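Chemist: The structure's right below; bear with me while I get my questions together.
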Amino acid sequence: MSPRLLLLLTLLALSLGCCVLVAVTVTAKIRRSQRSRTLARLAAPQRQLVLEVASGEDDDDAAADALAGLGPQEWRSIRPAVIAMLSKVRGAPAAQLVRVVAAHGEVDLARRRLHARSALHRARAAHLLGTVRDEQSVPRLLELLHDSADDVRLVACRSLGAIGDPRAAAPVLDAVPAPGSRMGVPAWVAAEALLALGPDIEGALLRGLAHADARVREVAVTVVMHSTMPAAIDALREQVAGELQEDVQISMLDALGRLGEHEDVALLSGYTEPERPARVRRAATRALGDLGDPTAAPLLQALLADADRTLAAAAAEALTRVGPHGVELLHAARAQGRDAARIAAAALHLARLREMAEV
């Protein structure tokens, strides 16, 4: 066979292959389009039922019963809308939609799939069970916090938060560190889940603040900062002095600035001393501003002359938030050295801009 003939046959084969590939692609697209239109046609009559249930207008359960009695094909067409709506409603409408989902065997199937070999199936099952707030699945979801697949651990943690069982708090915190060589649950996901568990997790947070792993302590501080738990705030006051991780200590200072009281002025002032690390001094200065106690004004005024100009700027900003006396001290600082005057003027300007934005 000559080279020219071989080249011609090769080109013909490639052309044929391309034609076949195009035909398969077009056929698949047409079939998907037809299937989408079929599902849309089947779902159209049911959408009004879903909206009726979700809006709380299904007083006699007629719409929910109609959805629960749909055939397999009709259910497949409306299933995504029902699942999506579940994450948006609460109370009686949510209970009705959960009953619909359970009537079609979705909950039982998801419980079984929590043990599936496929990580995708486990993750999807965990998501559904969190969406329907299935309390029976909590023990298995706790096990999945240590699953070998990252996505499964993440979804399991979120689902536990959605279910809202406070008994999950300690296991969620313990899942943040990496067991062995695997990654744990991301800190921000754990914090979101814990915040969703409500106020009955104070005991777990107190243990988390004293945990041996810095990442767990960081998550516990984050949750405390966005909640109201008096005992946890007292624990922060005790733990901050012995905290060896600078980032965690800074988070504790931030939390005390937001949640603390008059008595914390002295505590926070101690962390502005020159022997403290620069980042810690700045955090304590910002926290004094967040605390908003006028008795911190003289210390903040003294910090305007600090050699760390970033710290001085933080002190000026803090003075704008401790009341009229702080503002007066800033005006007085404008008559001092050039650097102090610039910092004071900038802080006063920003304060005026904030006031204008709030009007």
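No value in this document is a laboratory result; all are computed from the given coordinates. Note that this is a predicted model, so its numbers are computed, not measured. Here Cβ is always computed from backbone atoms with ideal geometry, including for glycine, and neighbour counts include all displayed protein chains.
Chemist: In whole Hz, what ³J(HN,Hα) sequence does region 108-119 give by Karplus (6.51, -1.76, 1.60; θ = phi - 60°), x for Gly and Pro?
Modeler: For region 108-119, the Karplus-derived couplings read 4, 5, 5, 4, 5, 6, 4, 9, 5, 6, 7, 5 Hz, x marking Gly and Pro.
Chemist: Below 8 Å between Cα atoms, with a sequence gap of 6+, how large is the relative contact order for region 194-267 in percent?
Modeler: Rounded, it is 29 percent for region 194-267.
Chemist: Still on this structure: Once the principal axes of the Cα atoms of the chain are found, what is the range along each, listed largest first in whole angstroms?
Modeler: 89, 75, 50
Chemist: A further question follows. Determine the dipole magnitude for region 196-346: charges of +1 sit on the beta-carbon of Lys and Arg, -1 on that of Asp and Glu, nothing else is charged, the reference point is the Cα centre, and the result goes in debye to the nearest 20.
Modeler: For this selection, approximately 580 debye.
Chemist: Scan around residue 185 for amide H atoms under 5 Å from its own, H built in the peptide plane at 1.01 Å from N, and keep only partners 5 or more places away or cross-chain.
Modeler: 176
Chemist: Over the chain, with a Gaussian network built from C-alpha contacts below 10 Å, which listed residue (154, 299, 128) shows the highest mean-square fluctuation?
Modeler: In this elastic network of the chain, the residue with the biggest mean-square fluctuation among 154, 299, 128 is 299.
Chemist: May I pose another question? Starting with the highest mean, order 114-126, 237-249, 157-169 by the number of other Cβ atoms within 10 Å, averaged over the residues of each peptide.
Modeler: Packing proxy ranking, top to bottom: 157-169, 114-126, 237-249.
Chemist: While we're on this one: Suppose every Lys and Arg Cβ carries +1 and every Asp and Glu Cβ carries -1, with no other charges. What dipole size does the chain come out with about its Cα centre, to the nearest 20 debye?
Modeler: With Lys and Arg at +1 and Asp and Glu at -1, about 2380 debye.
Chemist: Follow-up question, since we're still on this one. With only alpha-carbon pairs counted, each pair once and no self-pairs, how large is the Kirkwood hydrodynamic radius of region 219-359 in angstroms?
Modeler: 15.3
Chemist: Per DSSP helix of 4 or more residues, -39500 (n - 2.57); summed, then divided by the residues of the chain. What does that give at 222 nm, rounded to the nearest 500?
Modeler: -23000 deg cm²/dmol
Chemist: Calculated FRET efficiency, residue 14 and residue 135, Cβ-Cβ r, R0 56 Å, to nearest 0.05?
Modeler: After rounding to 0.05, the efficiency reads 0.40.
Chemist: Say each of residue 187 and residue 59 gets a label point 7 Å from the Cα, pointing the same way as Cα to Cβ; how far apart are those two points in nm?
Modeler: The two pseudo-label positions are separated by 5.2 nm.
Chemist: Additional query: Please compute the Cα-Cα pair-distance distribution of region 106-185 with 5 Å bins starting at 0, giving whole percents from short to long.
Modeler: Per 5 Å bin, starting at 0, the Cα pair percentages come out as 3, 19, 32, 24, 16, 5, 1.
Chemist: Related question: Can you tell me the dipole magnitude for region 250-319 around its Cα centre, using point charges on the Cβ only (Lys, Arg +1; Asp, Glu -1), in Debye to the nearest 20?
Modeler: 280
Chemist: Beyond 16 Å, what share of the Cα-Cα pairs of region 46-129 is found? Please give it as a whole percent.
Modeler: Counting pairs separated by more than 16 Å, the tail of P(r) holds 50 percent.
Chemist: Another question, then. What ranking do 341-353, 308-320 get when scored by the average of other Cβ atoms within 10 Å per residue, highest first?
Modeler: 308-320, 341-353
Chemist: Which number do you get for Rg(Cα) / (2.2 N^0.38 Å) in region 134-251?
Modeler: 1.01
Chemist: If you average 1/r over all unlike Cα pairs in region 187-240 and invert the result, what Kirkwood radius do you get in angstrom?
Modeler: 10.8
Chemist: So for the chain, taking the charge dipole from beta-carbon charges (+1 Lys/Arg, -1 Asp/Glu), which of 114, 349, 316 sits furthest toward the positive end?
Modeler: The residue sitting most towards the positive pole is 114.
Chemist: For helix 3-54, what angle does its Cα long axis make with the longest principal axis of the chain, in degrees from 0 to 90 and rounded to 10?
Modeler: Once rounded, one gets 70 degrees.
Chemist: Any chance you could list P(r) for region 50-97, counting all Cα-Cα pairs in 5 angstrom bins from zero, rounded to whole %?
Modeler: 4, 25, 34, 24, 12, 2
Chemist: Relative to the longest principal Cα axis of the chain, at what angle does helix 246-259 sit, 0 to 90 degrees, rounded to 10?
Modeler: Taking the Cα atoms of the chain, the angle to 246-259 is about 80 degrees.
Chemist: With axes computed from alpha carbons, what is the tilt in degrees of helix 278-291 against the longest principal axis of the chain, rounded to the nearest 10 within 0 to 90?
Modeler: For helix 278-291, the angle is close to 90 degrees.
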